[in-house]
Amino acid sequence: MSRHVIVTGASRGIGKAIAQLFIDAGDNVVGASRSGEAPAGCAKSIAVDVSNSGEVNAAFKSAIEEFGPIDVLVANAGITKDGLAMRMSDDQWRDVLSINLDGAFYCARAAIASMIKARSGSVIFISSISPFVGNPGQANYAASKAGVVGLARSLATEVAGRGVTVNVVAPGLIDTDMTADIGAARDAMLAMIPMGKSGQPEDIAEVVGFLASNSARYVTGQVIAVDGGMSMGL
Ligand code: NAP
């Protein structure tokens, strides 16, 4: 049976690969992004700024009206605005927290009621290994992604008895627009990866697919790093 899947940040990179995985499985995929672009096979694409709760509520309401209760939410949309903490502006801090953390919360809140009502569903947040390994210049980003882990674990306990699972995937260094321009930091990160190479968006999508599947029905509140071993032991 085809599921109603919402993927945020579906226009590019990791979100696009995740949306494609569900499309290939025959699901009704609603792809959300700032631009409104989404892979061709999406049942619907929505332009939404996840940091705006009004826009998120309206977008999710229309998706539920069209496709029924949400079976899977992948809260993936995210940005970086790197800079040393000492010189980080208020806007640099706030923009990253607003999109990465507020946005993840707004999307989960907008999706969860329909899941609870249906007594099934799966929420998957895309965090990062950044808060676990400590990357210079990412105080805003690491704080937002650590916040997502706290959000996920608290939410997981709230909905566990209602048949809804909540998990986090924490990617390492993945080849997308986000990491295309990181210069020397790339070599420093590669040196920290036991597998010696960066990952591809599909490497993240496969794990998300598993967490959304019935095979992961007894998995909740977990953080799964997909990082070539970079954060092992942390
Ligand atoms: P990306 O290629 O830069 O794509 C970012 C996506 O997020 C785009 O679809 C973008 O939409 C969307 N987005 C950004 N701000 C938004 C907003 N306010 N409202 C709605 N959508 C918004 O990034 P990526 O590498 O695929 O990253 C995806 C997720 O994985 C992010 O949460 C990122 O933090 C996380 N992650 C990535 C890596 C990595 O190495 N790449 C590592 C760890 C974690 P538009 O195209 O419309 O702008």
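Where a number appears in this text, it was derived from the coordinates with a stated rule and is not lab data. Quick caveat, the model's predicted, so the values are computed rather than measured. All Cβ positions, glycine included, derive from the backbone under ideal geometry; neighbour counts span all protein chains shown.
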* To do: For Ala40 and Asn52, calculate 0.36 nm times their separation in residues minus their Cα-Cα distance, and state this gained length in nm to one decimal.
  => 1.8 nm
* Net charge near Phe125, counting Lys/Arg +1 and Asp/Glu -1 over other residues with Cβ under 11 Å of its Cβ? -> +2
* Asked: Thinking of the stretch 1-88 as a set of Cα atoms, what percent of all their pairs are more than 20 Å apart?
  -> 32 percent
* Structure fact -> Between the modelled labels at Leu190 and Leu84 (7 Å from Cα along Cα→Cβ) the distance in nm is 2.6 nm
* Asked: Can you give me the Cα centroid spacing of the stretch 113-138 and the stretch 209-230 in angstrom?
  -> 11 Å
* **Label-to-label distance, nm, for residues given as Ser2 and Ser213 (7 Å Cα→Cβ offset)** => 2.0 nm
* Taking only the C-alpha atoms, wrap a convex hull around the stretch 118-232 and report its volume per residue in Å³ as a whole number. => 105 Å³
* Asked: What do you get when you divide the Cα radius of gyration of the stretch 48-91 by 2.2 N^0.38 Å, with N the number of residues?
  -> 1.70
* **Within the chain: Cβ-based charge dipole about Cα centre, in debye rounded to nearest 20 (Lys, Arg +1; Asp, Glu -1)** => 580 debye
* Structure fact -> For 21-28, 175-182, ranked highest to lowest by mean beta-carbon neighbours within 10 Å, the order is 21-28, 175-182
* **With Cα atoms, 0 to 90° folded angle of helix 53-67 axis to the chain main axis** => 40 degrees
* Structure fact -> Hull volume per residue for the stretch 50-187, using the convex hull of the C-alpha atoms, in Å³ is 110 Å³
* Once both axes come from the Cα atoms, what is the angle between helix 13-24 and the longest principal axis of the chain, in degrees from 0 to 90, rounded to 10? -> 30 degrees
* At a Förster radius of 35 Å, what calculated FRET efficiency corresponds to the Cβ-Cβ distance of Gln200 and Lys117, to the nearest 0.05? -> 0.45
* What angle do you read, to the nearest 10 degrees and between 0 and 90, between the alpha-carbon axis of helix 201-212 and the longest principal axis of the chain? -> 40 degrees
* **Alpha-carbon spread of the chain, three principal axes, descending order, Å** => 46, 36, 35
* Among 81-90, 65-74, the order from most to least packed when residues are scored by Cβ within 10 Å on average -> 65-74, 81-90
